[in-house]
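J.: For reference, the structure I am asking about is given below.
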Amino acid sequence: MAVNNSSEIVCVVDAGDYAIKTINPAVEKMLGYSQLELLGRCITDFAVESRRIDFRVKLAGIVKGRLAYAVFEFEFARYNKSMLWVECRVGYQNKTLLLNIRDISDLKNYQDQLVKSKTDARQGKKVKESLLAVMSHELRTPVNGIIGLTSLLRKTQLDEQQVNMIDLMDVSSQSLLGVINDVLDIAKMDAGKFNIVRSANNVHDLLRSVYGLLKYKADENGLEFLLKIAPEVPVNLMVDPLRLNQVLMNLLSNAIKFTERGFVKLEVCVLQKNEGQVQLKFIVEDSGIGIPESKLSGVFDSFEQAEEDTAAKYGGTGLGLSIVKRLVELKGGELAVYSQPGKGSIFSFTNWYTIADQTKEKAAFTTEKVLAPFENLRLLVAEDNMVNQFMLSKMLKDWNIEVDMVDNGQTALDKLRVNYYDLVLMDTHMPGMDGYEVAKSIRNDFNEPKRSIPIISLSAASFDYEQEEALLAGMNDVISKPFPPHELHRKIKKLLKNSEHVKSLV
């Protein structure tokens with residue numbers, strides 16, 4: 001009764017010729033054959049025609065090994081020639097085979113959909129990363145030109161009105177760069193390519209630096225801006241200063257932006273302290289507009305803001321808090337928020353830090369209006385963007401460097417074959433032959449000393465692997481667009497260790 005009412009095919013097969021001895025009624029529903037017409041037929045006829053030999057080999061292996069139990073999946077053909085997947089459970093005993101055959105087509109389709117979805121997700125991820133790499137280059141390159149030209153304009157004769165206009169250009173370009181960086185940071189986090197790099201740092205100095213950077217904005221808004229560091233907070237900790245700074249700047253900037261009167265406070269205290277480790281709590285409190293309880297959970301979503309008109313009233317992309325939440329979690333911390341509309345908000349996060357030894361004293365930063373010029377130096381610059389060509393040419397000539405400018409990789413190779421240069425500045429993305437290919441060609445096809453010429457990659461890359469690719473291609477160093485002039489000057493000086501190229505300003 002159990003066999004006759006089973007939804008699975010149950011049959012007894014001769015182990016010699018695989019002829020069906022008995023079979024239950026389930027075969028009619030599953031395969032469309034009548035029970036009686038199958039008696040004496042070969043069980044391998046159930047398999048799709050192209051795989052009948054494979055089915056016979058499977059059964060032969062079970063017979064030869066006298067296996068009491070074996071399981072495998074196979075493709076069967078129905079009476080109407082449609083295909084289905086089945087799971088066969090087979091046992092050998094006394095020169096007969098007992099088969100239980102179960103329809104698993106739905107399961108296989110589900111598995112196939114999972115595999116397809118996974119493949120599509122991987123492909124989508126690759127497309128997204130490729131799009132972001134292109135976007136990074138296409139956006140950062142013109143922004144680099146704007147920031148560079150603004151820096152060059154400051155060195156010219158300007159009246160007060162022109163200085164104010166340049167200040168506005170600088171603020172606008174830095175604001176645009178901030179949005180680009182926020183979008184790319186979110187993308188890198190989604191791609192799992194965002195790293196936290198901890199090193200020994202003076203946390204008190206870092207906190208005072210963040211406070212100092214935003215104090216002028218708070219003063220402009222007429223706000224009381226407070227910094228409170230508990231005495232027991234260790235001075236030197238293993239932290240990622242860039243990311244901690246990013247978190248605090250986002251939280252404090254938001255607090256200042258959404259507070260029309262009253263105060264903004266940054267407080268740091270110790271929650272727990274074990275041997276060699278300390279748990280800190282960072283609190284950013286304000287007396288601003290606050291956030292309704294129904295909106296609290298949504299403020300950490302990308303491109304989301306507390307109210308629909310927030311962007312119109314206060315500006316912003318809605319990315320700041322999303323980045324803060326992800327950064328805090330990447331660092332192993334927890335982020336919390338408490339807020340009351342009209343009374344203010346308190347954002348706080350906690351994290352464990354390793355107490356570090358005394359950090360090295362950093363050299364005092366000096367702002368030099370004029371960077372030391374070089375002597376007898378000739379550079380080849382490969383850059384396809386006209387604005388960046390002008391900016392780089394002007395910057396390098398101000399440093400007394402002779403410049404040959406080309407706009408594609410092949411011309412760069414042609415120039416290098418006939419001329420001598422001390423260093424090459426190479427944009428990684430150019431039409432035709434890109435910077436990676438040019439660098440590989442120089443390292444592989446040229447003779448010394450040109451083969452070993454220093455190459456600096458001018459990259460608008462946002463992902464670490466793009467910078468690694470530049471170094472693997474043979475570049476000596478990478479400078480990311482946009483860059484401050486002193487950084488390029490430092491990298492050139494570092495690669496050209498021969499001191500005769502640099503004049504002393506003393």
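The values are calculated or read from the model by the stated rules, or taken from the named source; none is laboratory data. Everything numeric here is computed off the predicted structure, so don't read it as measured data. When we count neighbours, we look across all protein chains shown, and the Cβ atoms used for this are built from the backbone with ideal geometry, even at glycine. Only protein heavy atoms, including side chains, enter the accessible area calculation; ligands, DNA and RNA are left aside. Shrake-Rupley method; radii C 1.70, N 1.55, O 1.52, S 1.80 Å.
J.: Just to be sure, is K188 closer than 22 Å to I289 by Cβ, assigned to a helix (DSSP H, G or I), modelled with pLDDT under 90 and open to solvent by 20 Å² or more (accessible area, probe 1.4 Å)?
T.: So K188 fails the test.
J.: Here's something else I'd like to know. Which of the residues spanning the range 372-385 are open to solvent by 10 Å² or more (accessible area, probe 1.4 Å), of a type outside the set (D, E, K, R) and over 17 Å from M426 (Cβ atoms)?
T.: Hits for the range 372-385 are A372, P373, N376.
J.: Being open to solvent by less than 40 Å² (accessible area, probe 1.4 Å), touching a strand residue (DSSP E or B) at 6+ places or on another chain (Cβ under 6 Å) and in a loop (DSSP other than H, G, I, E, B) is the filter here, so list the residues in the range 205-262 that pass it.
T.: Correct list: L223, A230, V233, P234, T259.
J.: Which residues, counting only those in the range 85-129, are among the aliphatic types (A, V, I, L, M) and open to solvent by 70 Å² or more (accessible area, probe 1.4 Å)?
T.: L98, L107, L114, V115, V127, listed by residue number.
This table checks each residue for (1) among the β-branched types (V, I, T); (2) loosely packed, with under 15 Cβ neighbours inside 10 Å; (3) modelled with pLDDT of 90 or more.
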{"site": "A2", "(1), (2), (3)": "no, yes, no"}
{"site": "V10", "(1), (2), (3)": "yes, no, yes"}
{"site": "G16", "(1), (2), (3)": "no, yes, yes"}
{"site": "L38", "(1), (2), (3)": "no, no, yes"}
{"site": "I43", "(1), (2), (3)": "yes, no, yes"}
{"site": "F55", "(1), (2), (3)": "no, no, yes"}
{"site": "L59", "(1), (2), (3)": "no, no, yes"}
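J.: So, of the residues in the range 480-497 that are more than 30 Å from the chain's Cα centre (by Cα) and open to solvent by 80 Å² or more (accessible area, probe 1.4 Å), which turns out to be modelled with the lowest pLDDT?
T.: K497
J.: Looking at N236, N254 in this structure, which one is polar (S, T, N, Q) and modelled with pLDDT under 90?
T.: Just one listed residue meets the conditions, N254.
J.: May I ask you to verify whether N274 is more than 22 Å from L321 (Cα to Cα) and touching a Phe, Trp or Tyr at 6+ places or on another chain (Cβ under 9 Å)?
T.: Considered against the rule, which asks whether it is more than 22 Å from L321 (Cα to Cα) and touching a Phe, Trp or Tyr at 6+ places or on another chain (Cβ under 9 Å), N274 comes out as yes.
J.: Additional query: Using beta carbons and a limit of 8 Å, which pairs, at least six apart or on different chains, have the first residue in the range 245-266 and more than 17 Å from Y338 (Cα to Cα) and acidic (D, E) and the second one open to solvent by less than 30 Å² (accessible area, probe 1.4 Å) and not in a helix (DSSP H, G or I)?
T.: E260/G288
J.: List every residue pair whose Cβ atoms lie under 7 Å apart, where the two residues are 6 or more positions apart in sequence or sit on different chains, the first residue falls within the range 147-170 and is closer than 21 Å to F390 by Cβ and without any contact (Cβ under 8 Å) to a residue 24 or more places away in the chain, and the second residue, located anywhere, is part of a helix (DSSP H, G or I) and basic (K, R).
T.: Partner pairs satisfying both residue conditions: I166/R154.
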